[in-house]
Number of protein chains: 2
Amino acid sequence: MEIRVENGRVAHPFFVEIDSHSGKMDGDATHIKRFLSKLINVFADTDAAKDYLRRHGDTLIYEVYEKDIPEANGEVRFCSSITYPGKIGNEYFMTKGHFHSRPDTAEMYWCIRGKGYMVMEKEGGEHELEEMHPGRVVYVPGYYAHRSINIGNEPLISLPVYPGDAGHDYETMEERGFKHIVIEKNGRPVVIENPRYGRMRG
Amino acid sequence: MEIRVENGRVAHPFFVEIDSHSGKMDGDATHIKRFLSKLINVFADTDAAKDYLRRHGDTLIYEVYEKDIPEANGEVRFCSSITYPGKIGNEYFMTKGHFHSRPDTAEMYWCIRGKGYMVMEKEGGEHELEEMHPGRVVYVPGYYAHRSINIGNEPLISLPVYPGDAGHDYETMEERGFKHIVIEKNGRPVVIENPRYGRMRG
């Protein structure tokens, strides 16, 4: 269902369907796929990432469906976020993570399927983890960079909702990285310091 | 889980659980219950409403759970909305409906359970209906008053999400009413003109 925009704002009601098993959004939604080949530097162990690529070929780590709602104050943007299960070395599959361009804006995630964590981190490195599972809303306040990680055996599907004018800043975390990462140790998720913090690009 | 507020803004991540069967929100959420005795004038057939009250006693028509997120621009407010199945005369159980105090703000509804409609109406009476069922997002643009109606046999549960500074204007619709209402005719929902439009209070 196409969105009717007038004067930079949504002018007419619309609906969209999200399949709760696959996370797929119907219709003309924008579809973003993030493959491992473009995420090598996002994982702490880049050698393990390259090795995974050699052994398994390029792999879909996460994907996002979103409707092209104008990025205006007063609109409510949302998407469907799907992070697949798996690990690079002992680090769980995850999204790149981002701040908002308008840093004080919040974001709420409604978890639809799977099991994981929302990893949140402030400028100074102060970090927080909240578990994600179906039926749970996780609220990410302004000034927190945030990423989803999948610690389960099925896709982690959530519905993130954020103010129209929040915007995305991926650059900061691509450059610097999160100070803390989540790895599997003895079959359980454990938070450790990121060995490549501050130098994610090399 | 209590919300930590600093300088009028959410200062710390939090989570909340919503039971997808009952719509109940856990913890210290604010709980609003709307009983028929306070909604007599909301239904087109006030005699039928009074009769229902006599025969069934006071009846819970809908309820809402919400977290006390500051009403500030940049926050993302949300609630759990539960409208019960039933009819007053031939008009389906429904919410009062409202505009936003900041009229240009949008609202998105994620439907969790049940079957119904989002009824939307602009100042001039231009109206729109979108079906609600699990897995569907209905987007209510700014300047549309909106109400949920339950046309099924189980609770209609949805997760409305809206900008922190949207605010609620219930007054306008309590006074004037929606120009169009939805009734059951031959077992099916039909839109008709509201016989009490413009004089809902008497």
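Restricting attention to the stretch A:160-178 and to residues that are part of a helix (DSSP H, G or I) and not charged (D, E, K, R), the residue that is least open to solvent (accessible area, probe 1.4 Å) turns out to be A:MET173. Residue count for the stretch A:60-96 under the criterion of being assigned to a strand (DSSP E or B), out of contact with any Gly (no Cβ under 6 Å at 6 or more places or on another chain) and more than 12 Å from every other protein chain (Cβ to nearest Cβ): the result is 12.
Selection over the stretch B:29-39 of residues that are in contact (Cβ under 8 Å) with a residue 24 or more places away in the chain and either within 14 Å of chain A (Cβ to nearest Cβ) or among the basic types (Lys, Arg) (or both) gives a count of 3.
Just to be sure, is A:THR83 of a type in the set (S, T, N, Q) and either exposed (fewer than 13 other Cβ atoms within 10 Å of the Cβ) or modelled with pLDDT under 95 (or both)? In short, no.
For the stretch B:21-56, the tally of residues that are assigned to a loop (DSSP other than H, G, I, E, B) and either in contact with a helix residue (DSSP H, G or I) (Cβ under 9 Å, 6 or more places away or on another chain) or buried (at least 16 other Cβ atoms within 10 Å of the Cβ) (or both) stands at 7. Across the stretch A:114-138, which residue is nearest to A:LEU159 (Cα to Cα) among those that are open to solvent by 10 Å² or more (accessible area, probe 1.4 Å), at the interface with another protein chain (Cβ under 8 Å from one of its Cβ atoms) and not in a loop (DSSP other than H, G, I, E, B)? Only one residue tops the list, namely A:ARG136. The residue that is nearest to the other protein chains (Cβ to nearest Cβ), among those in the stretch A:1-20 that are in contact with a Phe, Trp or Tyr (Cβ under 8 Å, 6 or more places away or on another chain) and in a loop (DSSP other than H, G, I, E, B), is A:PRO13. I'm trying to understand the selection: among the residues of the stretch B:31-69, which are under 18 Å from B:PRO155 (Cβ atoms), β-branched (Val, Ile, Thr) and under 14 Å from the mean Cα position of the chain (by Cα)? Once the filter is applied, which keeps residues that are under 18 Å from B:PRO155 (Cβ atoms), β-branched (Val, Ile, Thr) and under 14 Å from the mean Cα position of the chain (by Cα), the stretch B:31-69 yields B:ILE32, B:ILE61, B:VAL64. The residues on offer are A:PRO103, A:PRO141, and the sole one that is at the interface with chain B (Cβ under 7 Å from one of its Cβ atoms) and over 14 Å from the mean Cα position of the chain (by Cα) is A:PRO141. Please indicate, with yes or no, whether at least one residue in the stretch A:179-191 is in contact (Cβ under 8 Å) with a residue 12 or more places away in the chain, of a type outside the set (Lys, Arg), within 30 Å of B:TYR109 (Cβ to Cβ) and assigned to a strand (DSSP E or B). The answer is no, given that none of the residues of the stretch A:179-191 is in contact (Cβ under 8 Å) with a residue 12 or more places away in the chain, of a type outside the set (Lys, Arg), within 30 Å of B:TYR109 (Cβ to Cβ) and assigned to a strand (DSSP E or B).
The values are calculated or read from the model by the stated rules, or taken from the named source; none is laboratory data. Note that the structure is predicted; figures quoted are calculated from it, not measured. For neighbour counting, all protein chains shown are included, and Cβ atoms are generated from backbone atoms with ideal geometry for every residue, glycine included. Please note that ligands, DNA and RNA were not included when accessible areas were found on the heavy atoms of the full protein model with its side chains. Shrake-Rupley method; radii C 1.70, N 1.55, O 1.52, S 1.80 Å.
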